[in-house]
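The values are calculated or read from the model by the stated rules, or taken from the named source; none is laboratory data. Just so you know, these numbers come straight off a predicted model, no measurement behind them. No Cβ is skipped: glycine too gets one built from the backbone with ideal geometry, and neighbour counts run over all protein chains shown. Side chains are part of the model used for accessible areas, which takes the heavy atoms of the whole protein and leaves out ligands, DNA and RNA. Shrake-Rupley method; radii C 1.70, N 1.55, O 1.52, S 1.80 Å.
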Amino acid sequence: MNYSSFARRLRGYGKKEMAYLKEVLDGGQLSIFDDTVGMVRRFQNAFAKYTGSRIAMARNNGMNALAEAVSISGAGVGTEVLCDPVVHFGALAALYFNSVPRFVDIDPDTYLMDPDSLKANITPNARAVIVTHLWGLPARIDEIRDICRKHKLFLIEDCAHALGARWKGRHVGTFGDIGMFSFQEYKQLSTGDGAMVTVQDRKLAHNMETYGRFPGKVPLVMTLNWRMNEMTAAIGLAQLARVDEIIQKTYNVTLGIFNAAIADCRWLKQRLVPKEAVQAGYWFACKWEGDKFGMDYRRFKKLNEKLGIGLRFGFNETAPYEFEFFRKAKAYGHQCPYKCPFYLKRSNYVYRRGLCPVVEDVMPRLITVNLIFLSIEEAKRQAKKLRRAVEIMDEG
């Protein structure tokens, strides 16, 4: 299928986007540095209202927004940022500001940060926590928030996959000190590239705004230019008006189609969605447990190829700390920040197999489908093939 064509139809880029873009061009100002109410300010206000956040601040992309969050968290040389170990983006953000990523294990049924493992990994070196609401499902964010408050840790919510997701009725990104939402092309809301950070503390937001403006003076802290331009905000403002419909009528529907296809399968375990959570469709995920029933994983993978189902196996195959980039400290070419004397005299933490035993077991078992450019009709076709593969495996 032509994914670009489907994406255009789904997102409906059209008159509203063109009208907002024309408004920007007619105004003659493509980037605003002061308090003028332009598209960025309008997008920020609309996004804050959508999420229930006190403040929203537009950024140029999600990775930069995560790095900015680390930059004002208190983390730095000789300190640790606690991250979940399925995706590696939080760990990269920590490295940008010379802090050591310390990995926290996951719950085996949700694939999200385990609060008990978080508590076990807190040391005097810890300064911040980055928790990912992976593939549209909220982590147990109220428990994680309470742990962070108790230990005075800065809490960053990575909501890149989770626009529209809620925990106990409250939108993710509003529990921690900062929430980050990505608008890259493969997200529920796309501006091509872009992001939004949500902040509840006005003083923190003021400092972030002051540091990021670059008014021609030397900045007060080490920072970069994170700003979103007016044209990107124009697209975002138009798309925000229809994002709920896109999520509910397409992504949640396709997610449900795949879940239904394996509903009675003993050896493909559905992802657990806690009763407190509202998941926003992004990726379908389940877990292989065929080995517990004497089944051959390689055979199932071959059926995927033969039937053309389109499943991805193992996600990244292993935890981030097992990749050479992290294990051999290649970020700066001289083993910083892991071998920094300021850190070594305070910690003997090293990356090794066994740090997070649950993710090491779960990762190769993960089976996923990216739903972002998948139509309902194509999801039904793929799910039918998946169902047939289940039947063949069950037949022996």
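Would you please state which residues of region 120-148 a label at Arg170 would reach in this model, taking the label point 7 Å out along Cα→Cβ and a backbone N cut-off of under 19 Å?
Those under the cut-off are 129-134, 137-148.
Quick one: grab Rg to one decimal and Dmax as a whole number for region 55-158, Cα atoms only, in Å.
Calculated on Cα positions, Rg and Dmax stand at 12.6, 35 Å.
Place a label point 7 angstrom from the Cα of Phe323 along the Cα-to-Cβ direction, then list the residues of region 83-114 whose backbone nitrogen is under 16 Å away.
The answer is 83-96, 101-104.
List the aspartates and glutamates whose alpha-carbon lies under 20 Å from that of Lys380, not counting same-chain residues fewer than 8 positions away?
Partners within reach: Glu245, Asp264, Glu305, Glu391.
Over the Cα atoms of region 124-267, what Rg and Dmax result, in angstrom?
17.9, 63
Full extension from Ala46 to Leu224: what is 0.36 nm times the residue separation minus their Cα-Cα distance, to one decimal in nm?
Contour length minus the Cα-Cα distance gives 61.6 nm.
Shape verdict for region 339-396, please, from the Cα gyration tensor: rounded (a/c under 1.5), prolate (a/b greater than b/c) or oblate.
oblate
Post the alpha-carbon centroid distance, region 66-123 to region 142-177, in whole angstrom.
About 14 Å separates the Cα centre of region 66-123 from the one of region 142-177.
So if the hydrodynamic radius of region 251-307 is defined as the Kirkwood radius over C-alpha pairs, what does Stokes-Einstein give as its diffusion coefficient at 25 °C and 0.890 mPa s, in µm² per second?
Diffusion coefficient, whole number: 192 µm²/s.
Treating the beta-carbon of each Lys and Arg as +1 and of each Asp and Glu as -1, no other charges, what is the dipole magnitude of region 5-51 about its Cα centre, to the nearest 20 debye?
440
May I ask you to give the percent of accessible area on region 1-149 that is carbon plus sulfur, with a probe radius of 1.4 Å?
Carbon and sulfur: 51 percent of the exposed surface of region 1-149.
Just want the answer: with Cβ charges of +1 for Lys and Arg and -1 for Asp and Glu, which residue in Phe325, Leu374, Ala261 is farthest toward the dipole's positive end in the chain?
Comparing the listed Cα positions along the dipole, Leu374 ranks first.
Report, in debye and to the nearest 20, how large the dipole of the chain comes out about its Cα centre when Lys and Arg carry +1 and Asp and Glu carry -1 on their Cβ.
120
Sort 120-129, 282-291 by the packing proxy (mean of other Cβ within 10 Å over each peptide's residues), most packed first.
Descending packing order for the listed peptides: 282-291, 120-129.
So which of Lys302/Lys328; Lys249/Lys269; Lys187/Lys339; Lys275/Lys385 end up more than 27 Å apart, counting from Cα to Cα?
Lys302/Lys328; Lys187/Lys339; Lys275/Lys385, as the Cα separations exceed 27 Å there.
Enumerate the amide H contacts of Arg102 below 5 Å, restricted to partners 5 or more residues apart or on another chain; note that Pro and chain-start residues carry no placed amide H.
Val81, Leu82, Cys83
If the chain between Asp394 and Asn370 were fully stretched, how many nm would it gain, using 0.36 nm times the residue separation less the Cα-Cα distance?
Full extension from Asp394 to Asn370 adds 6.1 nm.
With θ taken as phi - 60° and the coefficients 6.51, -1.76 and 1.60, list the Karplus ³J(HN,Hα) couplings across region 163-177 in order, rounded to whole Hz; mark glycine and proline as x.
5, x, 7, 9, 10, 6, x, 10, 5, 4, x, 10, 8, x, 6
Using θ = phi - 60° and the Karplus relation 6.51 cos²θ - 1.76 cosθ + 1.60, list the HN-Hα couplings for region 289-295 in order, rounded to whole Hz, with x at every Gly or Pro.
Rounded to whole hertz, the list is 10, x, 4, 6, 10, x, 9.
Going by average Cβ density within 10 Å per residue, which order do the peptides 160-170, 98-108 take, highest to lowest?
Descending mean neighbour count gives 98-108, 160-170.
Rounded to whole Hz and in sequence order, give me ³J(HN,Hα) for region 308-317 from the Karplus expression 6.51 cos²θ - 1.76 cosθ + 1.60, θ = phi - 60°, writing x for Gly and Pro.
Once θ is set to phi - 60°, the couplings for region 308-317 become x, 6, x, 7, 10, 10, x, 6, 9, 6 Hz.
Sort 10-23, 365-378 by packing, meaning the average of other beta carbons within 10 Å per residue, with the highest value first.
Peptide ranking by packing, descending: 365-378, 10-23.
Around Thr132, which amide H atoms from residues at least 5 apart in sequence, or from another chain, sit under 5 Å from its own amide H, with H modelled in the peptide plane?
Sorted by chain and number, the residues that satisfy this are Asp84, Met113, Asp158.
Can you list, bin by bin at 5 Å, the percent of alpha carbon pairs in region 1-69, starting at 0?
Result, from short to long distances: 3, 13, 15, 19, 22, 17, 9, 2, 0 percent.
Can you tell me the Rg and the Dmax, both Å, for the Cα atoms in the chain?
For the chain, the Cα-based Rg and Dmax read 21.7, 71 Å.
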